[in-house]
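Peer 1: Pasting a structure below so you can have a look.
The values are calculated or read from the model by the stated rules, or taken from the named source; none is laboratory data. None of these values were measured; they are calculated from a predicted model. For neighbour counting, all protein chains shown are included, and Cβ atoms are generated from backbone atoms with ideal geometry for every residue, glycine included. Note: accessible area is taken over every heavy atom of the protein model, side chains too, but ligands, DNA and RNA are not part of it. Shrake-Rupley method; radii C 1.70, N 1.55, O 1.52, S 1.80 Å.
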Amino acid sequence: MWRRSAVSRFSSRISLSSSSSSRLIPWSRELCAVNTFPQPPPSSEPTANLAISGAGSDPSRVLTSGAAAATSRIAAAAGLGHHYARCYWELSKARLSMLVVATSGTGYILGTGNAAVDLAGLCYTCAGTMMIAASANSLNQIFEISNDAKMKRTMRRPLPSGRMSVPHAVAWATIAGASGACLLATKTNMMAAGLASANLVLYAFVYTPLKQLHPVNTWVGAVVGAIPPLLGWAAASGEISYNSMILPAALYFWQIPHFMALAHLCRDDYAAGGYKMLSLFDPSGKRIAAVALRNCFYMVPLGFIAYDWGLTSSWFCLESTLLTMAIAATAFSFYRHGTMEKARKMFHASLLFLPVFMSGLLIHRVYDEDKQPLLEAAGLPNSASSEVKTQRRKKRPAQPPVAYASAAPFPFLPAPSFYSP
């Protein structure tokens, strides 16, 4: 009796322990799946077989877990890189910066004259301009965090949304600006680097705070936008001449209708952000439309001046006049009706105007010999290529600006007279 009762108690303990094993180890399901093996065939050395199979399973589990950990680390690093790349892209306003680079590159090509375009110099100029523009736009957002947080179109930027810290943004802007200025100074010339640095200061420390003080900020911003093509010309030629001012003048006058249309379309956002735009004091839109129309007419003589100073052919006069009249027509339509739809059409016309105008300047450039830009690419000796580089375009001597007062589009003015002592 005693033996039977002891055996029964021992067997009941074994059964309870086996039944409660699943409750004691809740995470053992995966372990059981890994350690479950089919019944081995009858063998004389079962222990050895089990030891071999167990030893083979441990390294495989270690390798699998190590690969999974490495994959997760790579995925985390890739996600972090994508996050900061996106933040840098938005902080630099990359699309606007690329437009600035396009104007600077156009100025560089125009500034080479008859010489073959130095592709390395062009790339250095564009890269330096891109860094300077990225730094200026980043500083602009650093100074306007509280304003951007109040506007619908800017509240998702990296700084107002908290996706990037302010010290990180300051470090990025400092590194980008210093690198761009050093690149221009070492690879082009000090004049280009000085213009780029001055434009950075003008945009970040003059134009940006002025946006909250007075509507004249629009005209200061137009000066900022007119400097990059002058920078490109200086990087290519090392000088500033009469012809170098044609494209900057076009950019200055073009930005007024462009900004006026944008300010009218985003009037509520600018009011919420605390910016002093002219559109906030002109609910009907008549005043800003008149300003835009006036600046469109200011662009008409630029094609004739470019031809008369020997920069382009006569075809550019016709094309630039038609192009300017087209954007002036949208400004006049906005002046008559004052609706959001007309303002949007003027804005779209301004977006189309700039690339077409710059393309016309490049297409209708005047050369003494049409084959000169191709000589260096054809693999001529160094002496021949150096001669090509030293040749400059023969331009007619530029007359004083008042001498063009009697030319089209102002034929009604009397012809000026000049007396030599």
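Peer 1: So G162 ticks every box in (1) part of a loop (DSSP other than H, G, I, E, B); (2) small (G, A, S); (3) open to solvent by 10 Å² or more (accessible area, probe 1.4 Å); (4) under 17 Å from S244 (Cα atoms) but one. Which box is left unticked?
Peer 2: If we test G162 against (1) part of a loop (DSSP other than H, G, I, E, B); (2) small (G, A, S); (3) open to solvent by 10 Å² or more (accessible area, probe 1.4 Å); (4) under 17 Å from S244 (Cα atoms), just (4) comes out false.
Peer 1: Applying the selection to segment 87-98, what residues are in contact (Cβ under 8 Å) with a residue 40 or more places away in the chain and open to solvent by 40 Å² or more (accessible area, probe 1.4 Å)?
Peer 2: Those that are in contact (Cβ under 8 Å) with a residue 40 or more places away in the chain and open to solvent by 40 Å² or more (accessible area, probe 1.4 Å): Y88, E90, K93, L96.
Peer 1: Check A272, A249, A263 and return the single one that is of a type in the set (A, V, I, L, M, F, W, C), within 21 Å of F297 (Cα to Cα) and modelled with pLDDT under 95. Can you show your working first?
Peer 2: Values: A272 fails: within 21 Å of F297 (Cα to Cα); A249 fails: modelled with pLDDT under 95.
Only one candidate passes the filter, namely A263.
Peer 1: When the residues of segment 333-343 are filtered to those that are part of a helix (DSSP H, G or I) and out of contact with any helix residue (DSSP H, G or I) (no Cβ under 6 Å at 6 or more places or on another chain), which remaining residue is surrounded by the fewest Cβ atoms within 10 Å (Cβ to Cβ)?
Peer 2: E341
Peer 1: For segment 262-307, what are the residues that are closer than 19 Å to F357 by Cα and either open to solvent by 20 Å² or more (accessible area, probe 1.4 Å) or small (G, A, S) (or both)?
Peer 2: If the condition is that a residue be closer than 19 Å to F357 by Cα and either open to solvent by 20 Å² or more (accessible area, probe 1.4 Å) or small (G, A, S) (or both), then A292, L293, R294, F297, Y298, P301, G303, F304, I305, A306, Y307 are the ones that fit.
Peer 1: P209 - would you say it is over 19 Å from V101 (Cβ atoms), out of contact with any strand residue (DSSP E or B) (no Cβ under 6 Å at 6 or more places or on another chain) and open to solvent by 60 Å² or more (accessible area, probe 1.4 Å)?
Peer 2: Values: over 19 Å from V101 (Cβ atoms): yes; out of contact with any strand residue (DSSP E or B) (no Cβ under 6 Å at 6 or more places or on another chain): yes; open to solvent by 60 Å² or more (accessible area, probe 1.4 Å): no.
No, not satisfied.
Peer 1: Which residue out of A149, A136, A116 is of a type in the set (A, V, I, L, M, F, W, C) and closer than 14 Å to G177 by Cα?
Peer 2: Going through A149, A136, A116 in turn, the sole match is A136.
Peer 1: May I ask you to say which residue of L231, L210, L195 is farther than 25 Å from T112 by Cβ and of a type in the set (A, V, I, L, M)?
Peer 2: Just one listed residue meets the conditions, L210.
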